[in-house]
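Worksheet for the structure shown next.
The values are calculated or read from the model by the stated rules, or taken from the named source; none is laboratory data. Note that this is a predicted model, so its numbers are computed, not measured. Cβ: placed from backbone, ideal geometry, glycine included. Neighbour counts: every protein chain shown.
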Amino acid sequence: MLYDSHLDIFLKVAEAGSFSKAANDLFITPSAVIKQINLFEKNLGVTLFERSPRGLQLTAAGRSLKRDAEGMIAVCNEAEFHAKEAMLERDDVIRIGMSPITPIDILNGLWGSILSKEPRLHYQMIPFDNNKASASRILSNLGSTIDIVTGIVDRKMLEDNVCSGTVLRREPLCIGVSRTHPLSLRSSLKLEDLEGNCLMMPRPGHIESIDRLRTFLTEKHPGVQIEDADIYTVEIYNQCHETRSLLLSLQEWSGVHPMIRIVPVEWGYDVPYGLLYAREPSSSVLRFIEVVSHITEGSF
């Protein structure tokens, strides 16, 4: 571990808001948590929490550290993984990134054909956290620790993240609905069903095909209350469930959250979906892309 393990305890306490709750999550005693936080504060020379009978509050220093800690941990974990991978580096290994928001379902059912057409390649599935701190960095550094991820292949997004992409199919834009919401019982939705509901969707300026849908809704269906969402994470799906808001989504993401049902919408909007990889991929990655593209021609 390249970073101080006290960071993990600090984040757990900051999220839980109390030493005892953090201790339950960490499976240690509250006194052990307090001792570790006190030691961490002493080593840093700052006070991270204000203690009072009403509970814990982050100090200015604590809030600052919390903002930076997740990114620091993600960078350290990636650096450690990269160092270990370098010991085993091979030119014929394709490293495919996986997270709840970037499942590899689009490749399911293709592996038999892929292996028969290109038996010389080998594959590693690399899990990663799809959060603000890591997602953009991973896309901008494809070919470093991860060679390929699945996702929306949009021109603007590729430009922003300095990566390339190959479209394998068009994915209809759908709506994610909490299973406690009446609309979750529908087999499909019409535009009028969305009226009066809050619809969370990606901020404008990042995905052109979604921006076109935003413009259509704003001009033709102003009764749909659009709420901008940051990068999609599991937390966004939690928010969708807890607030009973609607969430612009894809069938590919149906496994992200068990309490969110993905329902088709009769509006004719879709996005290009496929594989994302480095601007200058290795010859093995190029061969993999070529094989998958050939297999999927006309198969979807």
*Give the number of residues within the stretch 115-147 that are over 14 Å from residue 163 (Cβ atoms) and either part of a helix (DSSP H, G or I) or in the same structural domain as residue 237 (by TED's automatic domain parsing) (or both).*
6
*Select from the stretch 127-150 the residues that are in contact with a helix residue (DSSP H, G or I) (Cβ under 8 Å, 6 or more places away or on another chain) and at pLDDT 85 or above and write down the one among them that is nearest to residue 251 (Cα to Cα).*
150
*Quick one: count up the residues across the stretch 51-71 that are surrounded by 14 or more Cβ atoms within 10 Å (Cβ to Cβ) and either of a type in the set (Gly, Ala, Ser) or touching a Phe, Trp or Tyr at 6+ places or on another chain (Cβ under 6 Å) (or both).*
5
*Could you tell me whether residue 112 is crowded, with 20+ Cβ neighbours inside 10 Å and not assigned by TED's automatic domain parsing to the domain that holds residue 264?*
no
*Just to be sure, is residue 206 closer than 22 Å to residue 141 by Cβ and outside any strand (DSSP E or B)?*
yes
*Residues of the stretch 264-276 being among the β-branched types (Val, Ile, Thr) and over 30 Å from residue 289 (Cα atoms), which ones?*
265
*In the stretch 264-300, how many residues are within 18 Å of residue 199 (Cβ to Cβ) and within 20 Å of the chain's Cα centre (by Cα)?*
2
*asked:* Condition first: assigned to a loop (DSSP other than H, G, I, E, B) and either within 24 Å of residue 190 (Cβ to Cβ) or of a type in the set (A, V, I, L, M) (or both). Now tell me which residues in the stretch 148-157 satisfy that.
replied: 153
*Residues 254, 249: which one is of a type in the set (S, T, N, Q) and either free of Cβ contacts under 8 Å to residues at least 24 places away in the same chain or in contact with a Ser or Thr (Cβ under 8 Å, 6 or more places away or on another chain) (or both)?*
254
*Just wondering, is there one or more residues in the stretch 99-106 that are in contact (Cβ under 8 Å) with a residue 40 or more places away in the chain and surrounded by fewer than 15 Cβ atoms within 10 Å (Cβ to Cβ)?*
yes
*asked:* I'd like to check something: does the stretch 277-299 contain any residue that is under 22 Å from residue 234 (Cα atoms) and in contact (Cβ under 8 Å) with a residue 24 or more places away in the chain?
replied: no
*Could you grab me the full set of residues in the stretch 158-185 that are polar (S, T, N, Q) and not in a helix (DSSP H, G or I)?*
164, 166, 178, 180
*Would the stretch 208-231 turn up any residue that is more than 19 Å from residue 269 (Cα to Cα) and touching a residue at least 40 places away in the same chain (Cβ under 8 Å)?*
yes
